[in-house]
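Read-outs throughout are calculated quantities, based only on the coordinates presented, and are distinct from any laboratory measurement. What you see is a predicted model; the values in this text were computed from it and never measured. Cβ: placed from backbone, ideal geometry, glycine included. Neighbour counts: every protein chain shown.
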Amino acid sequence: MKNFSGSLFDIYDGSERGQMWKTALIDHDIIVYFAFQRLHDKCDMDGDEMIKLKRVYEQADDSDGFRVLVDRLWPRGVSKEEAKLNEWLRDIAPSDELRKWFGHDHDKWSEFERRYREELASKEELVNKLIEDAKGEDITLLYASRETKYNNVVVLKNVLEERTSQLKSR
């Protein structure tokens with residue numbers, strides 16, 4: 001573990017697994033670092049994927065961990081009870097302009113990914129909020145689209161994993 005100046009303390013994460021994770025009273029990045037550290041440790045131990053992608057229409061599962069809807073629009077035909085969300089982060093989704101421009105046109109994918117990454121760079125506080133709110137649990141990013149490959153959640157997952165690697169290497 002890295003040596004940080006400041007007080008460290010254990011926080012019970014509230015999961016059924018009864019696991020603990022470390023956090024610090026230093027600054028926002030340190031708290032995020034320890035949340036990611038917990039995710040990486042779990043992934044290294046059991047080989048499971050720590051950030052999953054799933055359609056909101058699929059049945060919720062205990063292995064989903066922290067379930068967060070990352071679409072700007074609420075999915076049709078799904079009640080809040082059926083979705084079993086922990087959180088809805090609509091503002092982390094692509095802007096209306098970008099979403100409408102892209103229109104799930106595969107030919108625009110590379111440019112969409114570049115533009116959405118730019119948007120996410122300006123929404124770092126939301127990315128960090130997602131990590132913090134998960135409190136070290138697995139994260140399931142929920143979306144409504146039938147498209148699984150050319151979808152904003154694919155970009156978001158990559159950004160979260162890159163952020164994890166950056167924080168872990170500090």
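Odds and ends about this structure:
- A simple rule links phi to the HN-Hα coupling: the Karplus curve 6.51 cos²θ - 1.76 cosθ + 1.60 with θ = phi - 60°, which for the stretch 61-75 gives 9, 4, 6, 5, x, 7, 9, 10, 7, 10, 9, 6, 9, 5, x Hz, with x for Gly and Pro.
- Across the cross-link table entries Lys80/Lys100; Lys100/Lys135; Lys108/Lys149; Lys52/Lys129; Lys54/Lys84, which are compared at the Cα atoms, the separations over 23 Å belong to Lys80/Lys100; Lys100/Lys135.
- Given +1 at the Cβ of Lys and Arg, -1 at the Cβ of Asp and Glu and no other charges, the dipole of the stretch 54-167 around its Cα centre is 300 debye to the nearest 20.
- Highest mean packing first, where packing is the average number of other Cβ atoms within 10 Å per residue, the peptides 135-146, 58-69 line up as 135-146, 58-69.
- For Phe66, the residues whose amide H sits under 5 Å from its own are Asp138, Ile139, Thr140, ignoring neighbours fewer than 5 places away on the same chain, with H placed 1.01 Å from N.
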